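Asker: Below is a structure I'd like to ask you about.
Any read-out appearing in this document is the output of simple, stated calculations on the displayed coordinates, not a laboratory observation. No experiment lies behind these values; they were computed from the predicted model shown. Reconstructed Cβ throughout: ideal geometry from the backbone, glycine too, with neighbour counts over all protein chains shown.
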Amino acid sequence: MAQIDKLVESYLLQNPAIAKAYSAKLINRRALARRIIEENREISLRNFEAVIAALRRAKFDKENVASKKISSSFRVSVKDDIMVASLAKTKDIMRNTERLMQKISYEKNETFKFVLGSDSIKIFLDEKNLHLIDSIATKKDILYIRRKISEFSLHFGESASSSKGILSYVSSALSINDIAIEEFLTCSPELLIYVDEKNTLKAYDTLKKMQK
């Protein structure tokens, strides 16, 4: 039992974001126990209840300001049928993107987001506007297109931008529930998370539980 306690303590020390999320009751104990067993060869599934007990005994610092904010002070909304296009970073595409922006009906809440990286650019659109990508880029300039993506918009209070740990809390809570994050965007005080639509309901449930 003492060995299990040490292994659990070691896991939490090596994963501080998960430890903080668990201490703030943002992560289900049984789900965390399964994750610890999966990632530690020294613990087998027959030790499941022992890991649960070790997690119950684990001691943490008092909940910090960031965890309090994230557990109660954000609003969440969801938008489905989003696509993400990764394109080569060329002068032509940059110039053509300006024309694409003019074709977006913002008054109808159509999606357009643009991210400029070192070697490529990403454009976020509603799937119904997929044809607009073909109008600005040739096939060789399209690196990949992800479809069937859901966009989660998390609106925090104005003070969130100066709080520590918000990104780690959100990502840890989703990760421990086996939800892969496709993309992250920030426009403080708003956080945008993109997940595959097959995980939409699970992600929504996880985020709503974080508000309680």
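Asker: Among the strands (runs of 3 or more DSSP E) lying completely within region 104-204, list those that include at least 3 residues that are farther than 30 Å from residue 35 by Cβ.
Answerer: Working: elements: 112-116, 120-126, 142-156, 181-187, 190-196.
Output list reads 112-116, 120-126, 142-156.
Asker: Scan region 125-136 and report the pairs whose first residue is over 15 Å from residue 108 (Cβ atoms) and whose second residue is polar (S, T, N, Q), with Cβ atoms within less than 8 Å and a gap of 6+ or a chain change.
Answerer: From residues that are over 15 Å from residue 108 (Cβ atoms), the pairs are 135/96; 136/96; 136/97.
Asker: May I pose another question? Do we have any residue at all in region 144-156 that's more than 12 Å from residue 78 (Cα to Cα), out of contact with any Leu (no Cβ under 9 Å at 6 or more places or on another chain) and buried (at least 19 other Cβ atoms within 10 Å of the Cβ)?
Answerer: No; the residues of region 144-156 include none that is more than 12 Å from residue 78 (Cα to Cα), out of contact with any Leu (no Cβ under 9 Å at 6 or more places or on another chain) and buried (at least 19 other Cβ atoms within 10 Å of the Cβ).
Asker: Here's a follow-up. Can you tell me how many residues in region 91-145 are under 18 Å from residue 192 (Cα atoms) and either in contact with a strand residue (DSSP E or B) (Cβ under 8 Å, 6 or more places away or on another chain) or among the polar types (S, T, N, Q) (or both)?
Answerer: Keep residues of region 91-145 that are under 18 Å from residue 192 (Cα atoms), which gives 106, 109-117, 121-127.
Now narrow it down to the ones that are either in contact with a strand residue (DSSP E or B) (Cβ under 8 Å, 6 or more places away or on another chain) or among the polar types (S, T, N, Q) (or both): 106, 109-115, 121-127.
Within region 91-145, residues that are under 18 Å from residue 192 (Cα atoms) and either in contact with a strand residue (DSSP E or B) (Cβ under 8 Å, 6 or more places away or on another chain) or among the polar types (S, T, N, Q) (or both) number 15.
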